[in-house]
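Inspection log for the structure reproduced underneath, given as structure tokens.
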Amino acid sequence: MNIHDLQRDFVAYAMSIGVDKIGFTTAAPFTELKNRLRRQQELGYQSGFEESDIQKRTEPLQLLDEAESIVAIAVAYPSRMQNAPIGKRGARRGIFCRASWGVDYHTALRERLKLLSTWLEEHVKGVRIESMVDTGALVDRAVAERAGIGWSGKNCSIITPEFGSYVYLGELITNIPFAPDKPMEDECGDCRLCLDVCPTGALIQGGQLDAQRCIAFLTQTKGTLPDEFRSHIGNRLYGCDTCQTVCPKNKGKINWIHEEFIPDPELAKPLLTPLLTITNREFKGRFGHVSGSWRGKKPIQRNAILALAHFKEEAAIPDLIALLHKDDRPVIRGTAAWALGKIGGDTAQTALHEAEATEQDEEVRSEIYKGLQFFK
């Protein structure tokens, strides 16, 4: 089979197993990206979750020594939920970002990439393959952009004409010399809606993100959230979709395509108060299959406390007091203290004074002090 026929049949197979877009590019270094990543490091804009070695992130030959091509895939996920529950006083709800609806996309894309790898192994003797999703060394968006999957939007997402920016990305490096696709023209134009509405100003300029200020990153941290960001979290439990939901290119892109990503409304928009007392076993059993669970329950619980403070949910005061007095994690005790002050009321104030008399941890004491300042 010649390379042209192989590539054609490979694309057809990819579509048959639930890949929504596929593109090809060379294994040449990502030279411009290398300079951008160095600048990001210098500015302290990286999240710390990514591969720290810039060489590995930008030179495919570092990952596969015979690399000739990179195959980029995109799989669409939904932007809307059917039968979404409505939160109300006494039953407030948080929300997971759209990329965490349904099954963990890492699992779903790895399964597809494994099938693609197996197909190539069956059709090409001596083929070598290195595949990755999200946590791999290569920058998914840079690969997808060069492979013609979509253009890199000002919101730092890959935007496709067919599915908007609601796509998961993955890639495989191979020693097969596939014909490369052409990159797509940037269609953002003069639009800057995503820049203007970013809650924390994390989008510095088109295509440049300070991950340390991005709510999607902040919701995944495990420590006490810095004061300046607390009021911006809202009811977000994991991730942030603001720069996607305002994008005109996402208008009408609903993407109810893959059953595995259709969300369970009670998991995507869960009640907040029950999250405060959920056990590790319960958390894994309920949320373990979604990507938003990867950091464990602690960040989700901290964010749930902040969401209850955002709503000034008085019904949660007894649960927050219980956390303040009994939880063994300083971050949770401290966040509960701040939330009690934010919500207010005599019961909350009394609880803070009682905790002030017994709390030994300095960070928690600082949060108790902040909580009490709300009453002045």
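Lys249: crowded, with 19+ Cβ neighbours inside 10 Å, touching a residue at least 24 places away in the same chain (Cβ under 8 Å) and farther than 20 Å from Lys298 by Cα, yes or no?
Numbers: crowded, with 19+ Cβ neighbours inside 10 Å: yes; touching a residue at least 24 places away in the same chain (Cβ under 8 Å): yes; farther than 20 Å from Lys298 by Cα: yes.
Considered against the rule, which asks whether it is crowded, with 19+ Cβ neighbours inside 10 Å, touching a residue at least 24 places away in the same chain (Cβ under 8 Å) and farther than 20 Å from Lys298 by Cα, Lys249 comes out as yes.
Write out, first by first residue and then by second, each pair whose Cβ atoms fall under 9 Å of each other, whose residues are 6+ apart or on separate chains, and whose first residue, in region 117-144, is over 30 Å from Asn155 (Cβ atoms) while the second is small (Gly, Ala, Ser) and outside any helix (DSSP H, G or I).
Ser117/Ser131; Arg128/Ala67
If only one of Phe229, Phe217 is closer than 29 Å to Trp294 by Cβ, in contact with a Leu (Cβ under 6 Å, 6 or more places away or on another chain), hydrophobic (A, V, I, L, M, F, W, C) and outside any loop (DSSP other than H, G, I, E, B), which one is it?
Answer to the selection: Phe229.
Kindly indicate the residue of region 144-158 that is over 17 Å from Asp134 (Cβ atoms) and small (Gly, Ala, Ser) and also nearest to the chain's Cα centre (by Cα) among those meeting that condition.
Applying the first criterion (over 17 Å from Asp134 (Cβ atoms)) to region 144-158 yields 146, 148, 151, 153-155.
Among the residues that remain, those that are also small (Gly, Ala, Ser) are: 148, 153.
Details: Gly148: 23, Gly153: 16 Å.
Restricting to residues being over 17 Å from Asp134 (Cβ atoms) and small (Gly, Ala, Ser), the top hit is Gly153.
Taking region 41-79, which residues are over 23 Å from the mean Cα position of the chain (by Cα) and either of a type in the set (A, V, I, L, M) or part of a strand (DSSP E or B) (or both)? I'd like the intermediate steps shown before the answer.
Just the residues of region 41-79 that are over 23 Å from the mean Cα position of the chain (by Cα), to begin with: 42, 55, 59-70.
Within region 41-79, Leu61, Leu63, Leu64, Ala67, Ser69, Ile70 qualify.
Go through the residues of region 282-289 one by one and say whether even a single one is crowded, with 20+ Cβ neighbours inside 10 Å and closer than 27 Å to Cys156 by Cα. Please lay out each step first, then the result.
Going residue by residue through region 282-289, those that are crowded, with 20+ Cβ neighbours inside 10 Å are 287.
Pick out the ones that are also closer than 27 Å to Cys156 by Cα and you get none.
No, region 282-289 contains no residue that is crowded, with 20+ Cβ neighbours inside 10 Å and closer than 27 Å to Cys156 by Cα.
Which is among the aliphatic types (A, V, I, L, M), buried (at least 23 other Cβ atoms within 10 Å of the Cβ) and farther than 22 Å from Arg92 by Cβ, of Ile368, Ile305? Quick ask: steps written out before the conclusion?
Details: Ile305 fails: farther than 22 Å from Arg92 by Cβ.
Checking each option against the conditions leaves just Ile368.
I need every pair where a residue in region 363-375 that is among the acidic types (Asp, Glu) has its Cβ under 6 Å from the Cβ of a residue that is modelled with pLDDT of 95 or more, sequence separation at least 6 or different chains.
Glu363/Pro330; Glu363/Gly334; Glu367/Gly334; Glu367/Ala337; Glu367/Trp338
Among the listed residues Arg302, Arg295, which satisfies the condition of being assigned to a loop (DSSP other than H, G, I, E, B), touching a residue at least 60 places away in the same chain (Cβ under 8 Å) and among the charged types (D, E, K, R)? Spell out the reasoning first.
Working: Arg302 fails: assigned to a loop (DSSP other than H, G, I, E, B).
Within the list Arg302, Arg295, the selection yields Arg295.
For Asp186, indicate whether it is among the charged types (D, E, K, R) and either assigned to a strand (DSSP E or B) or within 28 Å of Arg295 (Cα to Cα) (or both). It would help to see each step written out before you state the result.
Working: among the charged types (D, E, K, R): yes; either assigned to a strand (DSSP E or B) or within 28 Å of Arg295 (Cα to Cα) (or both): no.
No: the conditions fail for Asp186.
The values are calculated or read from the model by the stated rules, or taken from the named source; none is laboratory data. Keep in mind that this is a model prediction, so the values were computed, not measured. Please note: Cβ atoms are built from the backbone with ideal geometry, for glycine as well, and neighbour counts cover all protein chains shown.
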